[in-house]
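The values are calculated or read from the model by the stated rules, or taken from the named source; none is laboratory data. This one's a predicted model, so the numbers in the text were calculated from it and none came from an experiment. No Cβ is skipped: glycine too gets one built from the backbone with ideal geometry, and neighbour counts run over all protein chains shown. Ligands, DNA and RNA are excluded from the accessible area calculation, which covers all protein heavy atoms including side chains. Shrake-Rupley method; radii C 1.70, N 1.55, O 1.52, S 1.80 Å.
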Amino acid sequence: MHFGGIYEDEIVGKVYDRRLMRRFFGYVLPYKRLVLGCLVVLPFIAAARLVQPWILKVAIDGHIVKHQMHGLPALAGWFLFVIFAESLLNFAQVYILSYVGQKVMFDLRMELFAHIQRLSARFFDHTPVGSLVSRLTSDLEVLGEMFAAGIVTVVGDILVLAGIIGIMLWMNVQLSLVTFSVLPLLIWVAFNFRNRMRTSFRQVRARLANLSSFLTESIGGMMVVQLFSRQRAEAAEFRRLNESYREANLPVITWDAALYAVVESLSSIAVALIIWYGGGEIVHGTLTFGALVAFIQYIERFFSPIRDLSAKYSVMQGAMAALERIFGMLDQERESDAAGEQKETQLPALQSISFENVWFAYKSEDYVLKGINLDIKRGEKIALVGETGGGKTTVTRLLARLYEVNRGRIAINDRDIREFSLKALRSRIGVVLQDPYLFSGTLAYNICLGDEQARARMERAAAVVGADRFINQLPGRFDYEVRERGVNFSAGERQLISFARAVAFDPEILVLDEATASVDPASERLIEEGLQALMEGRTTLVVAHRLSTIRDADRIVVIHHGEKAEEGNHAELMAAQGLYYRLYQLQFKD
Ligand code: ADP
Ligand code: MG
């Protein structure tokens, strides 16, 4: 199972309904005028619904049973007018609410995306991409449904229900009481279903996110899956997740259907009661024929919003579960710059970089770096070498503050790097990642990432690192389209593009995680020249795998099991015959 065992249920915290709604309300507030407009229309829609049975009653009692034709056409006309008006108002209201819903979703989506951009590397370490994507897509979609289903119209439904109860009591108290004897049961059922549904909906959302996490990963790694013929195993895992999603949906469907059936049965019982008791009253002359028909009409109008209400309720529950997940994400702590803290937005001209007794762990007490001390003077070139897993990449990440040190500090000109804003720090540091990441878009975009100043330096940057040689062969040169993750380039070319990117941003400090990828000899020479050009005149911290880089370094630092094992230049370390000497024998000799 490649799906790291990270389950959504663990990420999402429990949020209390009312707080959830209040918070959500904050997003609707900017559109309060439109929502208020809808609320104003609601009483009219409710009135239209209440008037229709009454027109029927007047027609029957005032005209039909008396065999009087005249007046009927007018009543029929009124009936039509009322229905027509109701439909029109309904349309306006649904349209406006959906419009507001789309606006709110748009705003939330923007906020979520902006927030995700500021989450820490630590967060991304333990959250699958797919689960983040599902928040921005399917969870938000469910919120949209809530608007479309017309949650605000619940207010209208309640008006109608209250109106019906009032009119029925006014028409005939006894018959009303008999009819409404089914209500306590209805209320009991509704409350009982409520709690169960909520849990189920949470599960549905979480498992859908699991499904999309798996898909993102599996499709992303399709080449590996196919090369190692793992399709069956992948499909089996997918089946498991798919199955669990399907199973999570079953209770929701069951409760939904059951609630519908219960409401339907109760409404039939109410109608039966009217026929039985009301029929008797007609026989005794205490109820008119038209009143009975109106009663039946009213009771149908009474139960139909309740039936809708149960449907709306399930949409609402789904939306609640989605809101929990969305707000849960928004509550995730942002990358280190704590709110309210004043940070310096300018870095002074570089004099020195120092790691002072730096301890760091990715997971609680599992230290990856154990008391690293390192001094780098302006213009120096420091090479980090050592076995894989020793902690070299981690050192580079800490300098760029992708992670925060647990103990000790990293300082620039003797000032803790945490005193500066992330933006200030990173604008001075150019990091070339071990595994260069390319976006889909033009080559130019991949080099300058949309930055104007970088754009101006782009062509020269490419020439400096020697990337121009292959770029000039491409149709359209810098306008050449890069595919997702740069699949249409060789590893060496990708590396050169990432060098060009670093030069285009012209950083003072260069942090380089040299690629381990073995490239062909021609590319190797290209990269080597590119590297030299890249480091020219900059303070450099480089994780080195290439002998030339190491020999040129002012100092070599051997990182071993998270500690600085040796430090010195090539000749010194060779003479010491320690770790570096052995590493050299094994790795660099030829
Ligand atoms: P190197 O670059 O020297 O090969 P790294 O700095 O990448 O070593 O890794 C040092 C140790 O930290 C390794 O044991 C690795 O498993 C662990 N590690 C690296 N990145 C993470 C991460 N994001 N989460 C947890 N552990 C990590
Ligand atoms: Mg590494």
Checklist outcome for this item: Here the qualifying pairs (Cβ atoms under 8 Å; residues six or more apart or on different chains; first in the range 422-436 and over 14 Å from V395 (Cα atoms); second within 12 Å of ligand 2 (Cβ to nearest atom) and part of a loop (DSSP other than H, G, I, E, B)) come out as D435/A515; P436/A515
Checklist entry - Taking the range 231-261, which residues are crowded, with 17+ Cβ neighbours inside 10 Å and more than 29 Å from the chain's Cα centre (by Cα)? => result L259
Checklist entry - Since L97 meets every condition but one in (1) surrounded by 15 or more Cβ atoms within 10 Å (Cβ to Cβ); (2) within 30 Å of V155 (Cα to Cα); (3) out of contact with any Ser or Thr (no Cβ under 9 Å at 6 or more places or on another chain), which condition does it not meet? => result (3)
Next on the checklist: Condition first: modelled with pLDDT of 85 or more and either of a type in the set (V, I, T) or within 30 Å of A322 (Cβ to Cβ) (or both). Can you find one or more residues in the range 11-21 that meet it?
Outcome noted: no
Item to check | Tally, over the range 376-409, of residues that are assigned to a loop (DSSP other than H, G, I, E, B), charged (D, E, K, R) and over 21 Å from R582 (Cα atoms) | outcome: 4
Item to check | Tally, over the range 415-440, of residues that are more than 30 Å from F355 (Cβ to Cβ) and open to solvent by 20 Å² or more (accessible area, probe 1.4 Å) | outcome: 2
Next on the checklist: Can you say whether L350 is part of a loop (DSSP other than H, G, I, E, B), aliphatic (A, V, I, L, M), crowded, with 17+ Cβ neighbours inside 10 Å and modelled with pLDDT under 90, as far as the supplied structure shows?
Outcome noted: yes
Checklist entry - Taking the condition surrounded by 20 or more Cβ atoms within 10 Å (Cβ to Cβ), without any contact (Cβ under 8 Å) to a residue 60 or more places away in the chain and not in a helix (DSSP H, G or I), does F355 pass? => result yes
Checklist entry - Within the range 386-400, how many residues turn out to be touching a strand residue (DSSP E or B) at 6+ places or on another chain (Cβ under 8 Å) and at positive phi? => result 2
Checklist entry - In the range 470-512, how many residues are of a type in the set (K, R) and under 19 Å from L526 (Cα atoms)? => result 3
Next on the checklist: I'm trying to understand the selection: among the residues of the range 365-387, which are without any contact (Cβ under 8 Å) to a residue 40 or more places away in the chain and within 11 Å of ligand 1 (Cβ to nearest atom)?
Outcome noted: D366
Checklist entry - Residues in the range 105-122 that are under 25 Å from Q203 (Cβ atoms) and more than 13 Å from the chain's Cα centre (by Cα): how many? => result 0
Checklist entry - Has the range 410-429 got at least one residue that is out of contact with any Ser or Thr (no Cβ under 8 Å at 6 or more places or on another chain) and at positive phi? => result no
Next on the checklist: Scan the range 112-122 and tell me whether some residue there is in contact (Cβ under 8 Å) with a residue 60 or more places away in the chain and open to solvent by 80 Å² or more (accessible area, probe 1.4 Å).
Outcome noted: yes
